[in-house]
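Before any comments, here is the structure.
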Amino acid sequence: MSESIIAEGRTTNEAIENGLKILKTTKENVEIKVLEQEEKRSFFSILAPRVIKVEMKLKEDKKTNPERNIKKIEIDEETIRKAEENVKNFVEIFLKKLDINNLSTEIKIDNPIIKVTINGEGINYLIGYKGEVLNALQNILNNVAVKGLNTKCKVILDIGNYRIRREKTLQELADKVAKTVIRNKKSITLEPMLAYERKIIHSRLQENPKVKTHSIGEEPNRRIVIELK
């Protein structure tokens, strides 16, 4: 579930601004519902303090993106190095068991993120259909990284530059579907996607003056709807 708060102010705008400060985000990243409208006040209530309440919910796709929305709270140097060592040991053992030649691995720390990149020939099966195997391996690495450690960090795994290629594909898809929506004046619902993939679509079309996007459904079948503004 997305994080939700109730914010108050003397006006609707003031309540929203107060809520944005609490969530530490910007207006385009939240869903806003006014709980108490600004109404005309009677003579007898003119001295009573005005309180406007709004409910503000952080949009799921702004919250769950795997890398861009990770809160940058650095882990101490010793702990992040231990997490890196956990990941490194697991990757080495795992790849040895695969018995694949000409594999190259790179592990970088961007505290609190550990980035793992694997390249080589004949490793598409480690990516799987639409990245299913890749994402499963990433989940395993996230658990391995913090084993024995009282902390949290995030492992981002890429194999054969799949994530870079996938981002480009999704951006091209977003542009193509947006043109179709504008031409036919009918909304289009895309197939289910992971949160970080939906984020790519949302971001690509965010500045488009003619279309807008939103997500519907529940995981793992959450979809993006592209429609005219």
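Each label point was placed 7 Å from the Cα along the Cα-to-Cβ direction; for ASN184 and ILE140 their separation is 4.1 nm. For region 137-142, putting each phi into the Karplus relation 6.51 cos²θ - 1.76 cosθ + 1.60 with θ = phi - 60° gives couplings of 5, 5, 4, 4, 4, 5 Hz, in residue order, rounded to whole numbers and with x for Gly and Pro. Seen through its C-alpha gyration tensor, with square-root eigenvalues sorted a ≥ b ≥ c, region 164-228 comes out oblate because a/c lies at 1.5 or above while a/b is not bigger than b/c. The convex hull of the Cα atoms of region 77-160, projected and averaged over all directions, covers 5.2 nm².
Taking a ≥ b ≥ c as the square roots of the eigenvalues of the alpha carbon gyration tensor, the chain is oblate, as a/c is not under 1.5 and a/b does not beat b/c. Between ILE114 and LYS154, VAL155, ILE156, the built amide H atoms are under 5 Å apart, and every one of these is 5 or more places off in sequence or on another chain. Scanning residues 5 or more positions from GLY160 or on other chains, those with amide H under 5 Å from its amide H are ILE118, ASN119, GLY120, with H placed 1.01 Å from N in the peptide plane. Put in line by how crowded their Cβ is, counting other Cβ atoms within 10 Å and starting with the fewest, ILE114, ILE216, ILE100, ILE156 read ILE216, ILE100, ILE156, ILE114. Across the chain, the mean sequence separation of Cα contacts (distance under 8 Å, 6 or more residues apart), normalised by length, yields a relative contact order of 15 percent. Length gained on full extension, ILE100 to LYS33, computed as 0.36 nm times the residue gap minus the Cα-Cα distance: 18.7 nm.
Read-outs: derived from the displayed coordinates by stated rules, not from any lab. Keep in mind it's a predicted model, so treat the numbers as computed, not measured. Counting neighbours? That spans all protein chains shown, and the Cβs are built from the backbone with ideal geometry, glycine included.
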